[in-house]
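Input: a single structure, listed below in structure tokens.
We did not get these values from a lab; they are worked out from the coordinates using the rules stated. Just so we're clear, the structure is a prediction, and the values are computed from it rather than from any experiment. Cβ placement follows ideal geometry from the backbone for every residue including glycine, while neighbour counts extend to all protein chains displayed.
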Amino acid sequence: MNLNNKVIAITGGGQGLGRSMATLLASKGARLALIDLNQEKLNETAQLCKDAGGDAKAYIANVANEEQVVAAFATIASDFGQLDGLINNAGILRDGMLIKAKDGKVEKKLSLAEWQAVIDVNLTGVFLCGREAAEQMIKTGSKGVIINISSISRAGNVGQTNYSAAKAGVAAMTVTWAKELARYGIRSAAVAPGFIATDMVASMKPEALEKFTSVIPAKRLGAPEEIAATCLYIFETDYVNGRVIEMDGGLRL
Ligand code: CAA
């Protein structure tokens, strides 16, 4: 797919990885539909996209809310008249151990609310946005591409029962969509980032982050631009389909 004049929606497009993806795709001539909760961040990213040579519009929606997602994608369809791509990037963390056992006392650590919040945004949000995007792509005859942001945590990571479960689900959804949507000419692929220099990773306990960074063969965190470049590669390379590309500096080798 050549991105010039293509319409690409990005969830979590206001900041972090989403902002980096948006500006890179804008520099290739794409028109961005940025979906996020924070109007100010959305406006900043939209301006950066325009500065980079593309166009962008901002849409406020909670990806976990069906009504808001349906409304956002309907507005995107009427604003742009087409939809060629989606990056399901919005995600949150609520890290915590499953159980804590100390001095003969055993207690539950991860609450149902922490489980549900992550499943709602990181798993249900991907489902809802993917479903709306696929519908719009089929209606307008676009041979579009859906990219889902999974994580190396999909393999299971201590302190991330909720996040790991969601990100494994996202990887499985990607394969399902590659199989189901092939008949419409729609591709789906995923990127599984490792530890990338964003606010999300900066929010980790410093000792935990240090432990991970010291064993990354690359000996550094990834850059958001490296994840954005992987998304660009997926958009531009038509033979990529149904695969999860690990971008972790070799951490999980
Ligand atoms: N393996 C085995 N044991 C571990 C462990 C590990 N990786 N990490 C911690 N433990 C042990 C600790 O040594 C500790 O043992 P003791 O009770 O005997 O001292 C016990 O588990 C409890 O650990 P904490 O003291 O850290 O527990 P806490 O309740 O204070 O914090 C936590 C829990 C918030 C989950 C914290 O451990 C943490 O932040 N862990 C890292 C989680 C992580 O990797 N998050 C990634 C976020 S970024 C991201 O997810 C982006 C992406 O896509 C990759």
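For this structure, a couple of remarks:
- Between Arg183 and Thr140, the contour length at 0.36 nm per residue exceeds the alpha carbon distance by 14.0 nm.
- Among the trypsin sites (Lys or Arg not before Pro) found in segment 95-142, those both in a DSSP coil and sparsely packed, with 14 or fewer other Cβ atoms within 10 Å of their Cβ, are Lys109.
- Neighbourhood net charge (11 Å Cβ-Cβ; Lys/Arg +1, Asp/Glu -1) for Lys100: +2
- Straight Cα distances below 22 angstrom link Lys102 to the lysines Lys205, with same-chain residues fewer than 8 positions distant left out.
- Neighbour-count ranking [beta-carbon atoms within 10 angstrom, fewest first] of Asp36, Asp79, Asp199: Asp199, Asp79, Asp36
- Projecting label points 7 angstrom from Cα along Cα→Cβ for Val175 and Asn43 puts them 4.5 nm apart.
- Computed over neighbours whose Cβ is under 15 Å from that of Leu112, the net charge equals 0, Lys and Arg +1, Asp and Glu -1.
- Structure-based [θ]222 nm, the chain - -39500 (n - 2.57) summed over DSSP H runs of at least 4, per residue, nearest 500: -13500 deg cm²/dmol
- Cβ-based exposure ranking for Tyr163, Tyr233, Tyr239, Tyr59, in which fewest neighbours within 10 Å come first: Tyr239, Tyr233, Tyr59, Tyr163
- Here segment 102-253 carries DSSP beta bridges of which approximately 10% are antiparallel, counting only pairs with both residues inside.
- Choice from Phe73, Phe212, Phe235 with maximal GNM fluctuation in the chain (Cα, 10 Å cutoff): Phe212
- Computed from Cα atoms, the angle from the helix 224-236 axis to the main principal axis of the chain rounds to 40 degrees.
- C-alpha long axis of helix 66-80 to longest principal axis of the chain, angle in °: 30 degrees
- Partner lysines for Lys143 [C-alpha distance under 23 Å; skip if fewer than 8 residues away on the same chain]: Lys6, Lys28, Lys57, Lys179
- Equivalent ellipsoid dimensions for the chain as semi-axes, Å, which come from the Cα gyration tensor, largest first: 30, 19, 18
- Least to most buried among Val121, Val106 (fewest other Cβ within 10 Å first): Val106, Val121
- Nearest-0.05 FRET efficiency for Lys205 and Asp79, computed from C-beta distance (R0 45 Å): 0.60
- Nearest 10 degrees, 0 to 90: helix 161-181 Cα axis against the chain principal axis: 30 degrees
- Extension gain (nm, one decimal) between Val70 and Ser111, 0.36 nm per residue minus Cα-Cα: 11.8 nm
- Segment Asn5-Glu236, length gained on full extension (0.36 nm per residue, minus Cα span): 81.8 nm
- Listed by chain and number, the lysines whose C-alpha is less than 16 Å from the C-alpha of Lys109, apart from same-chain residues fewer than 8 away, are Lys100.
- Once C-alpha pairs closer than 8 Å and six or more residues apart are averaged by separation and normalised to the residue number of segment 88-188, the relative contact order reads 32 percent.
- Sequence-separation-based contact order of the chain, relative, with Cα cut under 8 Å and 6+ spacing, percent: 19 percent
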